[in-house]
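Some notes on the structure that comes next.
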Protein chains: 2
Amino acid sequence: MKVYPEDLVRKHMGEAHISDLASASIGQMLGLAQKIEKATDIPFIHLEQGDPGLPANVIGLNAEIEALKRGVPGKYPSSAGLPELKEAGSRFIKAFLNVDFKPESVIPVSGTVGGSFMTILLLAQIDAKKNKILFIDPCFPLQQAQCRMLGVQWREFDIFSFRGPKLRQALEQELAHGDIAAIAYSNPNNPAWICLEDSELKIVAELADKYDAIVLEDQAYFCMDFRRDLSHPFKAPFAPSIANYTSNCIVMTSASKIFSYAGGRIGLVCISDKLYGRKYPALAQRYGNSGAYGPTFIDYVVENNTCGTSNATQWAYAAMLDASVEGKINFVTDMKEYGRRAERLKKIFTDNGFHIVYSHDVKDPIGDGFFFTVGYEDLSGAELIAQLMYYGVSCVNLANSGSQEKGLRICTSNMKEEDYPILEERLKAFNEDRNK
Amino acid sequence: MKVYPEDLVRKHMGEAHISDLASASIGQMLGLAQKIEKATDIPFIHLEQGDPGLPANVIGLNAEIEALKRGVPGKYPSSAGLPELKEAGSRFIKAFLNVDFKPESVIPVSGTVGGSFMTILLLAQIDAKKNKILFIDPCFPLQQAQCRMLGVQWREFDIFSFRGPKLRQALEQELAHGDIAAIAYSNPNNPAWICLEDSELKIVAELADKYDAIVLEDQAYFCMDFRRDLSHPFKAPFAPSIANYTSNCIVMTSASKIFSYAGGRIGLVCISDKLYGRKYPALAQRYGNSGAYGPTFIDYVVENNTCGTSNATQWAYAAMLDASVEGKINFVTDMKEYGRRAERLKKIFTDNGFHIVYSHDVKDPIGDGFFFTVGYEDLSGAELIAQLMYYGVSCVNLANSGSQEKGLRICTSNMKEEDYPILEERLKAFNEDRNK
């Protein structure tokens, strides 16, 4: 039996100006679910939004409080960032990815969202002939929304059928057009939690170098592939990163997920040392400077977009990075709770007729983490998302991420203990009603 | 006698990739001065950067500390902003400008820099035929840098010769082209500290309505025209604002200057209620939504640019706004120190052969505040800025703000007690050397 009548859901869709659930954004799905909850007093199971589901890191909170006691909001931040954070970021990336970025090239931004926005803006300007971004889908839909907002064009392809050596052909087909400024993906992947493996990163790097494209690697879920123990600073195994294979790259990470500090809006853009100093005539022309990528990013893009990020929060982030590098906290272990939630959720879904859509990397099954993807028989994402709304389960359509597969993104972050039996009951009802 | 040899200054200009001081940005002037200080151990008098010169507001600091103790960084901010801050902002604007903006239409941003960036981006998209910004110069150069970065075109004119009723002719000449989406200015003015008077705002409003342009009013220096006592909430006199005269407007303010909270990167964009709900087909087409200005700004522009602003800082700002409205703090009186500094600085400059460039509003002399402008005989801004560098005084060229007048911007914010006699000595030396 359905939890909410179909006409009630449709009525609230109309009021929220949502004409089609199939293309509704995360925020729209959340807003709609909250309105229906308010009207009916029956809570949804919220599997749509990736808000941290754990308390903010205490070391960060304490460092930020100390910084406020010193009155740090009284001065503008430097657009280049707090030197202590730049140093800490450089060490942190070395400790967990085993790659080198000079502190100069490590720049604080308003989360990976802010970093991605500013980076896409600038990458689309480095060469008039290369003005497109190539997304390896499934992608974080917000990045394509950034492109739409900035008027930046893109190409994309779904990696589903192109894992391992096949990736070369798919990538080269797009790069051969000669109009790609940058190749963007997230690793671990939002929404599918697949991870590009080292062999695949080598291919990406090789083709980026061949076609002179910059790789934009989003590591918002830094070291959160729990299949291997990536938690020991300066000790193998390290999380895979494109920075091992090309010097034409930018790696982003943030405090939002690994330190549950999303409300602080703080992340890092790490520009490879080579790219940092590389001079682009098109940038020199537009900005009247040397055209060097890194200084242009800092002095123009960061300066003109937000004038830097909160001083106090930069101190918080520096303290959390330092504590991780020094082994005082283990952010990987702290985050494993999401993996446990994913394991339980996957069982409930698969016990009730669902299957995992992006189930494997090149050979191995994907890990349990922040997200996973589900399908049901051959229902389209659009049909499935609407059906699950009626049964009180709010998700996001996989099609929004450029995926060609039918299914939904499931986010584990908001699950509470009392939610599991309710979800089980609802999915069971859905599955039974389908098979009546 | 000069403080630094000319060749030393030129050497450091070369190293800092500054080919011409005439067009150097605030940040470049500051960076150059700091490098010369480091090399010589002789400090500059810093009149270039508008960093707050007073400690951060304690009510804000305490509220932010309390918010951190509650763990607020653990959740993403809402792109629309914290309800408490939206309410506080709406009340604050009513209390000191005597104009009404619904809390819904009051949106937290990363300072007026962030607010201006996002607003210019969106205003340039509302109508393909109206894609230019009209700046009433002198303007805050960073806003034109934002346009350059976004590829947004602009028109501009210097108001110097067009005060009072003459403003109509100057404005109409530009608006008549039919391609202006928005008219932008700051009040009080950065860099010249002139203030558009009510009679002038009426003209701006009337023409904005006639040509269907949106007025973007930057009130970063909110109520800091100290000529009248604007410090009493809900009591006349109120600071002048365009919002009294047109419903086609956006008013921005921030915590950076009035609460010395620049390091928190927090401000407000207040969208008139009419504009908030106004539907633009071009926005609907680009974003696939209703095309309403306010919701598009929140759900797309804020969401995709930074994903909102720091939760903890929003609590700080709300507390400072509330305390101001309740009369618990008097931010206007707190800021009068800048007026005292301006008075002393103006005397030192005018005693040594300088004159105030933008000296009057329609009839009255300008007030003493955060900035003023100086010229020396008929020296160009380019010559004067270079000369003063040699004498150990760092300023910004007025020409960068679109001004057609010869002169420099002087910022009072960094002056310390011990700086006045040194400045006096240096300007005296400069003036005497010129008259040898």
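For the range A:24-42, does any single residue satisfy the condition of being at pLDDT 90 or above, surrounded by fewer than 24 Cβ atoms within 10 Å (Cβ to Cβ) and not in a helix (DSSP H, G or I)?
yes
Given the conditions (1) within 14 Å of B:Leu216 (Cβ to Cβ); (2) more than 9 Å from chain A (Cβ to nearest Cβ); (3) in contact with a helix residue (DSSP H, G or I) (Cβ under 6 Å, 6 or more places away or on another chain), which single one is not true for B:Phe117?
(2)
Under the condition of being of a type in the set (S, T, N, Q) and assigned to a loop (DSSP other than H, G, I, E, B), which residue from the range A:50-86 is surrounded by the most Cβ atoms within 10 Å (Cβ to Cβ)? Please lay out each step first, then the result.
Let us first name the residues in the range A:50-86 that are of a type in the set (S, T, N, Q), namely A:57, A:62, A:78-79.
Next, only the ones that are assigned to a loop (DSSP other than H, G, I, E, B) stay: A:57, A:78-79.
On the way: A:Asn57: 28, A:Ser78: 18, A:Ser79: 21.
Taking the candidates together, the pick is A:Asn57.
Condition test on B:Ile45, is it under 24 Å from the mean Cα position of the chain (by Cα), under 15 Å from B:Gly392 (Cβ atoms), at pLDDT 95 or above and not acidic (Asp, Glu)?
Working: under 24 Å from the mean Cα position of the chain (by Cα): yes; under 15 Å from B:Gly392 (Cβ atoms): yes; at pLDDT 95 or above: yes; not acidic (Asp, Glu): yes.
Judged against the criteria, B:Ile45 is a match.
Please state which one of B:Arg278, B:Arg340 is out of contact with any Cys (no Cβ under 9 Å at 6 or more places or on another chain), without any contact (Cβ under 8 Å) to a residue 24 or more places away in the chain and more than 13 Å from every other protein chain (Cβ to nearest Cβ). Full working, then the answer.
Values: B:Arg340 fails: without any contact (Cβ under 8 Å) to a residue 24 or more places away in the chain.
Residue meeting the stated conditions: B:Arg278.
Of everything in the range B:27-84, what is within 8 Å of chain A (Cβ to nearest Cβ) and of a type in the set (A, V, I, L, M)? Give them in sequence order.
Answer for the range B:27-84, where residues must be within 8 Å of chain A (Cβ to nearest Cβ) and of a type in the set (A, V, I, L, M): B:Leu54, B:Ala56, B:Leu61, B:Ile65, B:Leu68, B:Val72.
Given the structure, is B:Phe222 in contact with a Phe, Trp or Tyr (Cβ under 8 Å, 6 or more places away or on another chain), under 27 Å from B:Ala323 (Cα atoms), of a type in the set (Phe, Trp, Tyr) and assigned to a loop (DSSP other than H, G, I, E, B)? Show your work before the answer.
Values: in contact with a Phe, Trp or Tyr (Cβ under 8 Å, 6 or more places away or on another chain): yes; under 27 Å from B:Ala323 (Cα atoms): yes; of a type in the set (Phe, Trp, Tyr): yes; assigned to a loop (DSSP other than H, G, I, E, B): yes.
Yes: the conditions hold for B:Phe222.
Can you confirm whether A:Cys223 is on the phi > 0 side of the Ramachandran plot and surrounded by 21 or more Cβ atoms within 10 Å (Cβ to Cβ)?
Spelling it out, A:Cys223 is indeed on the phi > 0 side of the Ramachandran plot and surrounded by 21 or more Cβ atoms within 10 Å (Cβ to Cβ).
Could you please give the count of residues in the range A:87-119 that are surrounded by fewer than 24 Cβ atoms within 10 Å (Cβ to Cβ) and closer than 27 Å to B:Tyr76 by Cα? Working first, answer last.
Quick first cut of the range A:87-119, residues surrounded by fewer than 24 Cβ atoms within 10 Å (Cβ to Cβ) only: A:87, A:90-91, A:94-95, A:98-100, A:102-104.
Keeping just the survivors that are closer than 27 Å to B:Tyr76 by Cα gives A:87, A:90-91.
The total comes to 3.
Within the range A:328-353, track down each residue that is among the polar types (S, T, N, Q) and out of contact with any Phe, Trp or Tyr (no Cβ under 8 Å at 6 or more places or on another chain). First the steps, then the outcome.
Keep residues of the range A:328-353 that are among the polar types (S, T, N, Q), which gives A:330, A:333, A:350, A:352.
Answer for the range A:328-353, where residues must be among the polar types (S, T, N, Q) and out of contact with any Phe, Trp or Tyr (no Cβ under 8 Å at 6 or more places or on another chain): A:Asn330, A:Thr333, A:Thr350.
Has the range B:252-268 got any residue that is closer than 24 Å to A:Gln143 by Cβ, more than 10 Å from chain A (Cβ to nearest Cβ) and not acidic (Asp, Glu)?
Here is the first cut: in the range B:252-268, the ones closer than 24 Å to A:Gln143 by Cβ are B:265.
Imposing the further condition that a residue be more than 10 Å from chain A (Cβ to nearest Cβ) reduces the set to none.
The answer is no; no qualifying residue exists.
Which numbered condition trips up B:Met320, out of (1) at pLDDT 95 or above; (2) in contact with a Leu (Cβ under 9 Å, 6 or more places away or on another chain)?
(2)
Before we move on, is A:Gly264 more than 21 Å from the chain's Cα centre (by Cα) and either at pLDDT 95 or above or of a type in the set (Lys, Arg) (or both)?
Numbers: more than 21 Å from the chain's Cα centre (by Cα): no; either at pLDDT 95 or above or of a type in the set (Lys, Arg) (or both): yes.
Taking the combined requirement at face value, the residue does not satisfy it.
Anything in the range A:60-74 that is under 16 Å from B:Val72 (Cβ atoms) and either out of contact with any Gly (no Cβ under 8 Å at 6 or more places or on another chain) or aromatic (Phe, Trp, Tyr) (or both)? List them, or say none.
Across the range A:60-74, the qualifying residues are A:Asn62, A:Ala63, A:Ile65, A:Ala67, A:Leu68.
Need the failing condition index for B:Arg148 against (1) more than 10 Å from chain A (Cβ to nearest Cβ); (2) surrounded by fewer than 20 Cβ atoms within 10 Å (Cβ to Cβ), just the number.
Result: B:Arg148 fails condition (1) only.
Here is a check on your reading of the model: is B:Gly14 of a type outside the set (S, T, N, Q), in contact with an Asp or Glu (Cβ under 9 Å, 6 or more places away or on another chain), within 14 Å of chain A (Cβ to nearest Cβ) and free of Cβ contacts under 8 Å to residues at least 24 places away in the same chain?
On the way: of a type outside the set (S, T, N, Q): yes; in contact with an Asp or Glu (Cβ under 9 Å, 6 or more places away or on another chain): no; within 14 Å of chain A (Cβ to nearest Cβ): yes; free of Cβ contacts under 8 Å to residues at least 24 places away in the same chain: yes.
The answer is no for B:Gly14.
Restricting to the range A:288-300, name every residue that is more than 7 Å from chain B (Cβ to nearest Cβ), in a helix (DSSP H, G or I) and of a type outside the set (S, T, N, Q).
Across the range A:288-300, the qualifying residues are A:Tyr293, A:Gly294, A:Pro295, A:Phe297, A:Ile298.
Could you please let me know if B:Ser256 is within 21 Å of B:Thr119 (Cβ to Cβ) and either crowded, with 23+ Cβ neighbours inside 10 Å or without any contact (Cβ under 8 Å) to a residue 40 or more places away in the chain (or both)? Give the steps one after another, and end with the answer.
Values: within 21 Å of B:Thr119 (Cβ to Cβ): yes; either crowded, with 23+ Cβ neighbours inside 10 Å or without any contact (Cβ under 8 Å) to a residue 40 or more places away in the chain (or both): yes.
Here the answer is yes, as B:Ser256 does meet what is asked.
I'm told B:Ala24 meets every condition in (1) farther than 20 Å from A:Glu303 by Cβ; (2) not assigned by TED's automatic domain parsing to the domain that holds B:Gly308 except one. Can you identify the failing condition by its number?
Of the numbered conditions (1) farther than 20 Å from A:Glu303 by Cβ; (2) not assigned by TED's automatic domain parsing to the domain that holds B:Gly308, the odd one out for B:Ala24 is (1).
For the range B:91-104, what are the residues that are among the aliphatic types (A, V, I, L, M) and either assigned to a helix (DSSP H, G or I) or without any contact (Cβ under 8 Å) to a residue 40 or more places away in the chain (or both)?
At the first step, the residues of the range B:91-104 found to be among the aliphatic types (A, V, I, L, M) are B:93, B:95, B:97, B:99.
Residues satisfying the conditions are B:Ile93, B:Ala95, B:Leu97.
Consider the range B:301-322. How many of its residues are away from chain A (no Cβ under 14 Å) and within 18 Å of B:Ala239 (Cβ to Cβ)?
The initial filter retains those residues of the range B:301-322 that are away from chain A (no Cβ under 14 Å), namely B:318, B:321-322.
Then drop every residue that is not within 18 Å of B:Ala239 (Cβ to Cβ), which leaves B:321.
Selection size over the range B:301-322: 1.
Inside the range A:191-203, can you point out the residues that are out of contact with any Pro (no Cβ under 8 Å at 6 or more places or on another chain) and surrounded by 24 or more Cβ atoms within 10 Å (Cβ to Cβ)?
Answer for the range A:191-203, where residues must be out of contact with any Pro (no Cβ under 8 Å at 6 or more places or on another chain) and surrounded by 24 or more Cβ atoms within 10 Å (Cβ to Cβ): A:Trp193, A:Glu200.
Evaluate the range A:65-80: report whether one residue or more is closer than 28 Å to A:Asn190 by Cα, touching a residue at least 40 places away in the same chain (Cβ under 8 Å) and either not assigned by TED's automatic domain parsing to the domain that holds A:Tyr300 or not hydrophobic (A, V, I, L, M, F, W, C) (or both).
No.
The values are calculated or read from the model by the stated rules, or taken from the named source; none is laboratory data. What you see is a predicted model, and the numbers here were worked out from it, not measured in a lab. Don't worry about glycine lacking a Cβ; one is built from the backbone with ideal geometry, like all the others, and counts go over all protein chains shown.
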